[in-house]
Structures are given as structure tokens and as C-alpha cells.
């Protein structure tokens, strides 16, 4: 006989699932026991279910296949929510198997009882409770197919007295359908877009992660149209390296060259992006948007010509319809501006930047008075020394700023972060998920000290499951992005200071290799040592908390607010 739990685990294994993340106990004991007996499937027990959801979501994003996590009755399932929302907003196919109180107790306000179908209604494309073995494999098939077909989260809830029940002998095996093929663009929509582009003098492209598999035709179109290419953060992966047309990011992570490119184009051509920050779109442009999801067309900025279709098919077809742009001054000017900005940024990473000389001493007096390690230098060192196939994750906040500006996604490098939800504490769990896919591939997490310490317990998971992640901690003793927000708004810094322990010592106590760096001259050797280590390692780098990352279009009010905020800090502390 086969039990409900055995059917679930066997079907997931047949689907290609090789790791399941969660915390054991209660209603899910039959499922974890089935995992124990399933060859070639790994159970990774975490210390917090949020880690499980982030890790499984990372695997789904990296592979494009189903990720699986589990949370048991009540609080265990609730803990999954943040990671599930991240998967939802990242369009990652994810199955969460959740425990529930016994059937007879449903609705009685039983110990730990939570209505999972209601709880997960917003985050999930499918959320159902198995109330009888006869519902299997139907409910499982619907859950998995919903997650895959809709690139979202499915939640299957299993009461404590259902998972171990036997199925009728006539129960069929579960079968899952394949994903749908690429969406073919409408020819009339393409022709209208082409006419608008031909009528314009200059074109700027805004390219997102949806175009990652269309690298060659996207670069060819940029060349054909003499169009500078602004990349979203997620589009760095696959589109940044060896791209002579790209000018970096827009938004708060961006640079003046990207702003110049966006403002200088008569046409804004958006390809595979749902870039959410409406204030950063240029005004008064003709906008053409290509996206495989019709719901994305026009929801961030007014669009004159929308093309619903696969990025590769659409861009290749559009290239055959538009005339080449002979004037390349818009492209050349934007690329030159980007090169100049990059050179200025690179100087921040040079060992002598805070050295001798009047200008250096005056500058450092204001932004690095203690001559601490600049976070730019740390990010640049990792970029230089990490392999070309490294997988990077980054915590939300300043860690992402430094990665966006100083790490290039060349070669086969991959990139993950909570770039749609914007959660704290995602980098380490996502790195664990990525590392479990391939323990021989280097995985580097750019961790903020606030983010890392929020889920600090799951450093133990790296050790207990032999996951050789490299955790690089930007240890500025601050919630850095919040500090910048306060100061830019004219407020003194308040509530952002973190009383961190020696995080390398904490890591060593847990069983990781821990390295702490406090002097700039020790940085490169420490980064090289951390990347060369074969097991899990935490590199704790004490960085300058006063480093400022200005947005590309800083206003007078921004600058005035920052100045007032900085002036207010000593006044506030004197009165304490």
C-alpha cells in the first residue's frame, strides 16, 4: 500500500525535486519519513522556516523548476510567509507543504490551528487542504501545475491524520503537464512599434530579466538602433558582461549616465522589464514595451505601443522591421558618460584613496574619518577574485548598492536577491539554496550585518548540511539604507546602530571558518582566503558606516536634507 505522504514525495521526485527544505514535526512526520526513505532526495532541516522558503525559492529561480519547502502546524507554516511572498513577487514556481491539526479538530480553535487556506490566499495561486485520501493525486497535480504554469506559489495543506493514511490500490500515479511554449508576438503590434521607432531620432532601451534568454538579438537590436541600454538590476545577469551598449542601472542604484540615456532618447524601448519605480521613467517619450505578460504592459508608465510576446521572438522580429539609425552620437555620449562615472567610482576602491595629500585628507575627514575599509573596495575585491561562474546573492539595502555598482555579471555568473519584495535577511538563505544545487560551485552572499543577524541561527544549517557558502558581511554596525534615508530626509540618524559582536568569532563558534578584517591593507588577502576556503566561511569586514551612495539625479532638497541631517547628529548627541 502507498500512503498519501509517499505519493507526494514520490511524485515530486519524479518531477525532478531533489531537495526539500523545512523543519520537521507534527503533521508532517509522515512526509519527512517518506523523504528519508526516498533515494536521491535530500531533506535540509533549517532553524527557521523563513530560511526554507527563501532557499527553495532561490532554487526555483536558478533552475526554472519547482522548489519545495515545508512548514508544520500553525507557527511553522506562518514562518514561511515572507519567503513565499518573495517567490511570488519573483515569479518563482514554489510548492509549500503545510501541516494542519487533525481533521476532526478543524474549526474548533484547536492548539496551533490556523486556517491555511485563508492565511495563504494572497500569496498563493493555489491553496487547498487535503481532507481525504481520495482527493489524491488530484489536489497535488493541481497544486504543482498551478505553481509551474503560473510561475507562482502553491500551498498544499496536510492535516495530521491524513498524511499517513493508505491510498486505495486503484489510485493512479500523479502526472504533471509541461510548461507552455513562448508567446508569439502579434505582427500588427510589431509593425506599429517599428513605425514609431523609425519616426524617432534616438532610442534608449530599458532591458530587464525577461530578456535574459534573448541576449544575442537584444544586443544586435541595440547596435542596429544605436541605442544605449539601461539594465535593471536583475538584468545584470546574462546581459551586463561584454555588452558595449549597456550604461548600468537607473533608480536609486543607478548612475548619471543611465539618467542621461533615458532623458536623451526620443523613444523608450522596454524589453522584458516591469521596472517598478515610476518616478524614474523619463517624461514626454514615445514608449514601446515588449513583455510576455499582457498585464505588465503600461502598468508602470504610459505605453504608446505594447507588444505581448516572448522577448527573443519579439526582438528578432522587430529588428527585421526597423531601419538602422545612422547617428550614433546618443549611444556614444551615454557610453562615454558611463565610462567616466565608472572611473570615478573605481578611485574609491584604490588603496591610496584615503592616503596622503591635502585633498585626500580633507575628503576623508568628512566621509571616512576613521580610515575604515570602504565598502566599495570590498565589493570590488570580491569582483576581481571570485570565479566567472560564481552565484551571487545580496541582502536588500546597501549590500545591493555595492554589488550593483562594483560586481560585473560576466561569464556564467548568476544573481539573486529580494529585488521585488525587498526583504531583509534574504542573502544567506538564498545562498544556502543555491549551494545545495551544486556544492562544487562558488556561492557568494553579500550580507548586511542587519540582515545576517536577523536569521543568524541558520549559519548552523551551512555547517550541518555541508553547504560551503562564502558569506561576505558588510559590517558597518548600521542599518545602512535606513541611515541614508533619514539623513537624506533631513533627520538625524536614530535607531539604526547595531551592537554587533565579532561576527567572525560567532561563525567560528558555530563551526564555520571565520575571518575578520579591520584594516584596509588586509582586505585583498582576506577576500582571496575566504574564496579559496573549501567549506562554509564567513568574512566579517568592518566597513565605513558613513559612506554615501547618492542617487543619479540628486535634487537640491536631497542635498539640503542630507546636510541638515548630518548637522543635527552632533547637536542631538550633545543633548543626550
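Could you give the length gained by full extension between residue 220 and residue 171, i.e. 0.36 nm per residue of separation minus their alpha carbon distance, to one decimal place?
This chain segment gains 12.4 nm when fully extended.
Under the 0.36 nm per residue contour assumption, what length would be gained going from the current alpha-carbon distance of residue 408 and residue 463 to full extension?
In short, 16.9 nm is gained.
Which distance in Å, rounded to a whole number, links the C-alpha centroids of segment 61-93 and segment 165-213?
Each part's Cα centre sits 23 Å from the other's.
Taking R0 as 41 Å, what FRET efficiency do you get between residue 110 and residue 179 from their Cβ-Cβ distance, rounded to the nearest 0.05?
Once rounded, the FRET efficiency stands at 0.60.
In nm, give the distance between the simple-model label positions of residue 42 and residue 118, each being 7 Å from the Cα along the Cα-to-Cβ direction.
Going from the residue 42 label point to the residue 118 one covers 3.9 nm.
If I take R0 = 56 Å and measure r between the Cβ atoms of residue 14 and residue 302 in this structure, what FRET efficiency does the formula 1/(1 + (r/R0)^6) give, to the nearest 0.05?
Between residue 14 and residue 302 the formula returns 0.75.
Measure off 7 Å from each Cα along the Cα-to-Cβ vector at residue 384 and residue 242, then give the distance between these two points in nanometres to one decimal.
2.4 nm
Can you tell me, using C-alpha contacts under 8 Å and at least 6 residues apart, the relative contact order of the chain as a whole percent?
12 percent
Going by the alpha-carbon gyration tensor, a ≥ b ≥ c the square roots of its eigenvalues, is segment 4-159 rounded (a/c under 1.5) or, if a/c is not under 1.5, prolate (a/b greater than b/c) versus oblate?
Verdict is rounded for segment 4-159.
Roughly how many nanometres apart are two label points built 7 Å out from the Cα toward the Cβ at residue 528 and residue 277?
With each label placed 7 Å out from Cα toward Cβ, I get 3.6 nm.
When ranked by the protection proxy of mean other Cβ atoms within 10 Å per residue, highest first, what sequence do the peptides 180-186, 33-39 form?
Those peptides, ordered most packed to least, come out 33-39, 180-186.
Please sort 490-497, 452-459, 161-168 by packing, taking for each peptide the average over its residues of neighbouring beta carbons within 10 angstrom, highest first.
452-459, 161-168, 490-497
In percent, what relative contact order does segment 4-159 have, based on Cα pairs under 8 Å that are 6 or more apart in sequence?
After rounding, I find 23 percent.
Given the peptides 171-178, 199-206, arrange them by the average over their residues of other C-beta atoms within 10 Å, most packed first.
Highest-to-lowest ranking by the protection proxy: 199-206, 171-178.
Which parts of segment 51-94 would a label at residue 295 reach, counting a residue when its backbone N lies under 13 Å from a point 7 Å out along Cα-to-Cβ?
Within reach of a label on residue 295, which here means backbone N under 13 Å from a point 7 Å along Cα→Cβ, segment 51-94 contributes 88-92.
Out of (i) -0.46, -0.75, -1.21; (ii) -0.44, -0.75, -1.33; (iii) -0.49, -0.75, -1.09, which label holds the value of log10 I(q)/I(0) by the Debye sum over Cα atoms at q = 0.07, 0.09, 0.12 Å⁻¹ that was computed here?
(i)
Values in this text are rule-based calculations from the coordinates and carry no lab data. No experiment lies behind these values; they were computed from the predicted model shown. Glycine gets a Cβ as well: all are built from the backbone with ideal geometry, and neighbour counts include every protein chain shown.
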